[in-house]
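What follows draws every value from the coordinates through simple rules; no lab data is involved. The model shown is predicted, which means the values in this text are computed figures rather than measured ones. Here Cβ is always computed from backbone atoms with ideal geometry, including for glycine, and neighbour counts include all displayed protein chains.
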DNA sequence: TAAAGTAAGTTACATAAAGTAACTTATGTT
DNA sequence: AACATAAGTTACTTTATGTAACTTACTTTA
C-alpha cells in the first residue's frame with residue numbers, strides 16, 4: 001500500500017459512493033422521499049446496514065431525516081441538494097448498465 | 001434482507017462499481033493504459049487487491065491486459081470500449097466531489 | 001559466479017465490514 | 001392481555017480487505 005497521489009476530494013467521494021449500497025440508496029431517493037421500510041423493501045439490504053448507511057449519508061449531508069411522531073413512528077428520508085446533485089451520476093450508471101450489461 | 005425489486009442491470013453495475021477501488025482503478029486508466037506498478041503507486045491499494053480487481057474487470061470486459069515479454073515482464077492494462085463508456089460517470093463523480101466536498 | 005535487482009504477482013495471516021436473525025421500544029388495536 | 005407496527009439495535013457468523021513476506025524468471029553488478 002503506497003501513499004495516494006490521488007485527488008483527495010475524489011478519494012473522499014469514492015469512500016462514500018464506493019461503499020456497498022450507498023449509491024443504490026441514493027438512487028431510491030432520487031424521485032422523492034421514502035420511509036425506512038420502503039427503502040429496505042426495495043433493496044436486498046438488511047435493516048442493520050441500511051440504518052448505518054443512512055446515518056453516514058445524513059452525517060455527510062446528502063440525506064435528511066424527518067421524524068413524524070405518529071403511532072407507530074414514521075421516518076422519512078430525502079436527498080439534500082448535495083445528494084440530489086448526484087442525479088446525473090446515478091443516471092449515467094443506469095444508462096451505462098442498460099447499454100453494456 | 002428482502003428480495004430486490006431493483007433493476008438487475010443497475011444492481012449488477014453497482015456490484016462492480018460499488019466494490020472498493022474499482023472506480024478509482026478505472027479512473028486511473030481513463031487517460032490511457034498503465035502498468036500494474038503504476039496503478040499500484042497511484043492508489044493506496046495493495047498488490048493483492050489490485051490484482052484481484054483487475055482480474056474482475058478483465059473478466060467483465062471493462063479492462064484488457066497485455067503482456068510484453070521483456071525482462072522483467074511488462075504488463076499493461078487499458079480500458080475496453082465498455083470501460084471507456086464510464087468516462088462521463090467517473091467525470092461526473094469528479095465534478096461532484098469538486099463542487100460539494 | 002554468487003548476490004542483488006526488477007515487475008508482476010501470490011500466499012498466509014490479522015483486522016474490518018457485511019450478512020442474518022432475534023430482540024427492543026412505544027404506542028394502538030382486538 | 002395478547003398482538004401488531006415502524007424503525008431500529010444487538011449479538012453472532014461469514015466475507016472482504018489490509019499487511020507484509022515470498023515467488024518467478026531473467027539481468028546486471030560485485
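Tabulated data
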| quantity | calculated |
| --- | --- |
| Residue of B:33, B:46, B:69 that the Gaussian network model of chain B assigns the largest fluctuation, springs spanning Cα pairs under 10 Å | B:69 |
| Other copies of residue B:46: label-to-label distances in nm, shortest first, labels 7 Å along the beta-carbon direction | 2.5 |
| Modelled label reach - residue A:80, point 7 Å along Cα→Cβ, segment A:43-68 residues with backbone N closer than 18 Å | A:52-67 |
| Residue of A:74, A:35, A:65 that the Gaussian network model of chain A assigns the largest fluctuation, springs spanning Cα pairs under 10 Å | A:74 |
| Computed E for residue A:68/residue B:38 - FRET, C-beta separation, R0 41 angstrom, nearest 0.05 | 0.20 |
| Residue-averaged beta-carbon neighbours from other chains (10 angstrom radius) around A:37-48 | 3 |
| Per-residue [θ]222 nm for chain B (sum of -39500 (n - 2.57) over DSSP H runs n ≥ 4, rounded to 500) | -16000 deg cm²/dmol |
| Label distances, nm, residue A:75 versus same residue in remaining copies, Cβ-directed 7 Å point | 4.5 |
| Crossing angle, helix B:87-100 versus chain B [Cα axis fit, 0-90 degrees, rounded to tens] | 70 degrees |
| Distance from segment A:26-101 to segment B:11-86 (C-alpha centre basis), Å | 29 Å |
| Within a Gaussian network of chain A (alpha carbon springs, distance under 10 Å), most fluctuating of A:70, A:58, A:38 | A:70 |
| Folded to 0 to 90 degrees: helix A:47-59 orientation relative to chain A principal axis, Cα | 70 degrees |
